[in-house]
1. Which of the lysines could a cross-linker span from residue 129 if the Cα-Cα distance has to be under 20 Å and same-chain partners fewer than 8 positions apart are dropped?
2. For the pair residue 155 and residue 425, how long in nm is the line joining their label points, each one 7 Å along Cα→Cβ?
3. Taking amide H positions as placed in the peptide plane 1.01 Å from N, state which residues far from residue 101 in sequence (5 or more) or on other chains have amide H under 5 Å from it.
4. Accessible area per residue, 1.4 Å probe, Å², for region 393-445: what's the number?
5. Could you order 108, 97 by accessible surface area, starting with the largest, using a probe radius of 1.4 Å?
6. Among DSSP bridges having both ends in the chain, what percentage is antiparallel? Round to the nearest 5.
7. For residue 215, list long-range residues whose amide hydrogen, built 1.01 Å from N in the peptide plane, is under 5 Å from its own amide hydrogen.
8. Check which residues have an amide H placed less than 5 Å from residue 322's amide H, if you skip close sequence neighbours.
Amino acid sequence: MLDIIAPALPDPDAAVLIAARPFLRQSADRGLLLEDVELAAIADQVGTPCWVYGAGTMRARLRRLRAALDATGLPVRLHYAVKANSHLAILRLFATEGAGADVVSGGELARARAAGIPGADIVFSGVGKSVAELQQAMAADIAQVNVESAEELDMLSALAASAGQRVRVALRVNPDVDAGTHAKITTGLANNKFGIAYADAAALYARAARLPGIDPVGVAVHIGSQISAMAPFRAAYARIATLVRDLRGAGQSVTAVDCGGGLGIAYRSETEASPDQFAAVLHETLGALDVRLAIEPGRWLVGPAGVLLSSVILTKQTAARRFVVIDAAMNDLLRPSMYDAWHGILPVNGASPTGLADVVGPVCETGDTFARDRALPDLPPGARVAILDAGAYGAVMSSCYNTRLPAAEVLVDSGTWSVIRARPRLDSLWADEAVPAHLAGRQDA
Ligand SMILES: *Cc1c(COP(=O)(O)O)cnc(C)c1O
């Protein structure tokens, strides 16, 4: 995405990338370290490709955000957006730090519960929750369902009434604000599929208050992802504040505002969203409303804390270009091919660049490209590289395309590390496939 927005930006070099990430260090004799653990040692023992996450970094980022929110004096609940990285160990880590969860499917709800997060700390967002998922949310007695349409409100009301239950609901409002981010991750424009049109929200809130089984507690908003400037947040929250005042003016009770996620990180040379500035925007726009606030950050908490470790298969020189073919591919980390995303790539041994190369995976798609014209050292077969900022929307978006195994996952914590997801057996990839009997017996020459 940044290639499109700012074509003139030069690539930061390895020293700059490392300096901006305090949990990374290049050691002359031990190579690249993540939270003081040698990435080469992990690659040797676990194999590649392999995700490596720094628990200390995730914890520190959560605490930094928490401290910025607390400094405003406002009550703000933190619901980690599970979809950014849904590993149980990470959910546990955040739950231990007092965070709740924002889920967008029944699967994520079950995961959050399996990680020990109480229903009371879970909110459920998403434009298409099925009957089964809404029932699951009712059974878990979650904090609130963020309802995205009149149709969903009616569905939920009918389910709640027939079960003799009341469900706390926030209406997710689409503020029609341009988050200035990539089109595929913008969610707050009127023509996006998300939320209830701003103009319809007050009438629907009033209807919700009359429906059986529904307890409207407030409004929710989420304008998109990878947003670093404060202006879009300020504009959206100001509109929400106006809506809350209008609702109260019409006699409605509004006790909660869920401000969504979207805080951006620095993949290349962008500025990372500042927790202090974000907290100040919350205070400025919503601070006088006397409501319980919530936020749903995902990427900001986990993105920078993870790398994808990979080994070079070979370097292929054509007349036109040099291609470094690595053993990670778009099926592991989809972001470059899906969003044109830029990720830093560091040689684990710290060697200095000798020229420009494209870094590609082995999958049979031209889109299986991690980087173009990247300054890199000579990388012989077996050399390791670390693809940076892969902690969010990495493993969770991976697939088994080309019958490639899911990469292993490793968590570094307090100077030690452990495998938190082993690479499965290859035949597990087809274990649930069935060949119909009329094909099973056939032996073609
Ligand atoms: C994706 C999503 C988030 C998290 O977004 P990030 O950019 O990762 O912070 C939060 N809330 C909702 C409703 C989402 O869909």
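1. Within the straight-line cut-off, residue 129 pairs with 83, 193.
2. With each label point 7 Å from Cα toward Cβ, the separation is 3.9 nm.
3. 80, 122, 123
4. On a per-residue basis, 69 Å².
5. 97, 108
6. Taking every DSSP beta bridge within the chain, about 45 percent pair in antiparallel fashion.
7. 167, 168, 169
8. Under 5 Å from the amide H of residue 322 lie the amide H atoms of 358, each far enough along the sequence or on another chain.
The values are calculated or read from the model by the stated rules, or taken from the named source; none is laboratory data. For clarity, every value in this text was computed on a predicted model and none was experimentally measured. Neighbour counts are summed over all protein chains in view; Cβ atoms, including those assigned to glycine, are modelled from backbone coordinates with ideal geometry. Protein only, heavy atoms only, side chains kept; ligands, DNA and RNA dropped before computing areas. Shrake-Rupley method; radii C 1.70, N 1.55, O 1.52, S 1.80 Å.
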